[in-house]
Amino acid sequence: MRSVAVDRVKDAVRRAQEHRARALRVNGYVAAQVRDELDRSGNAVRDEAPKLGLDQLEALVAIAREMRAADEQDLLRRCDSSVDLLRRVPLELTRACGFARAMISRVHHSEWIPILPPPGRDPDTDRFRDAFGDQPKLPLAHMLLEAEMVRRRIGIRVEDAATDPRVHEAFVQVAGAHGYVGAPIMPSGRVIGFLHADRIWQDHPTTDEDLENIVLFAEHLGLLYERAAIAEELERRAAGVQSIQSALIRNIEALIGTELQLQPPTPVAALSTDGDADEDVSPPGRIALLTARERDVLALIVAGQTNRHIARELVLGEQTVKSHVSHILRKLRATNRAEAAARYLRIRNGSP
């Protein structure tokens, strides 16, 4: 016999997924009534407890997954940046999985770098700071469990930290951990950080279920962090494009207001790129000496971009950009970038 409560769960999950998709498109929160409906449908399934079967259990799992997805989506929405997201992780991990303590770390080359909250907020991290400094950098020695997480890309579970030679001394001597779990953060298959958590002060040690939970949390965190980082990079690039557009608009407006004058055509010989030939070229003629790519570079110089930003914007090597800049300075007979930009604007505006 088909369960009405199970059908109700399926409808609630479908509507919740549709709502999350809409909220994501408009950068909004998941509405409270969505969670309320999921709660009510889950309670309806639990009311059938005397006859719980596989369908009911699958329905409860579906609700739990959708609630977690909504929480993760709202977590990212509440964060101002990828840095803010990482700052919130330890509290969210302890709250979501029931751990007593949690820590997040970065991995940079062969170093493991715990991300610590400001001094005075947590006695455990203050002890860690006293032992290793405000910005601790721990080497990823070959035999450490953290090195194994990087190599094998798997989670770890330690039952007795004091007797395990693969455990870093910080966990035993400073944090006083007895047992803990850890997981790598790897959004694109490359390990960029770690999560660690334990159940100190609680009445039971970490379990295999804790290991599964922290690995799952790390997987979702990796996706959230990657999305936040990509969004920030897109915003930076959009700001660069807007800066270029603003400079171009100013130049166009200046051109519109320029009084037109009849001028003889630029001699063909003046278009030569030979160093001796451009000495007598008029200012408008010097602009004609620039190649299309050099004009692109010059437009970004006018917008105030550095060689590194120009290389990234035009998908060039920095050395290639330096070569273009050198050619631009020579052709415009300028001694530096600022003079080249000013000379270019004067030429474009019709000034001598």
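Values computed for the structure shown
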| read-out | value |
| --- | --- |
| Segment A288-N251, extension gain: residue separation times 0.36 nm, minus the distance between their alpha carbons | 11.6 nm |
| Chain lengthening between T207 and L234 when straightened (0.36 nm per residue, less Cα-Cα) | 5.6 nm |
| Overall form of the stretch 77-184 per C-alpha gyration tensor (a/c, 1.5; a/b vs b/c) | rounded |
| Long-range amide H partners of W112 with built H, under 5 Å | L138, L140 |
| Cα centroid separation, the stretch 163-227 to the stretch 146-160 (Å) | 9 |
| Amide H contacts under 5 Å for R101, placed H, 5+ residues apart | D198, I200 |
| For the stretch 144-234: accessible area per residue (Å², 1.4 Å) | 50 |
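The values are calculated or read from the model by the stated rules, or taken from the named source; none is laboratory data. Everything numeric here is computed off the predicted structure, so don't read it as measured data. Surface accessibility is based on the protein's heavy atoms, side chains included, excluding ligands, DNA and RNA. Shrake-Rupley method; radii C 1.70, N 1.55, O 1.52, S 1.80 Å.
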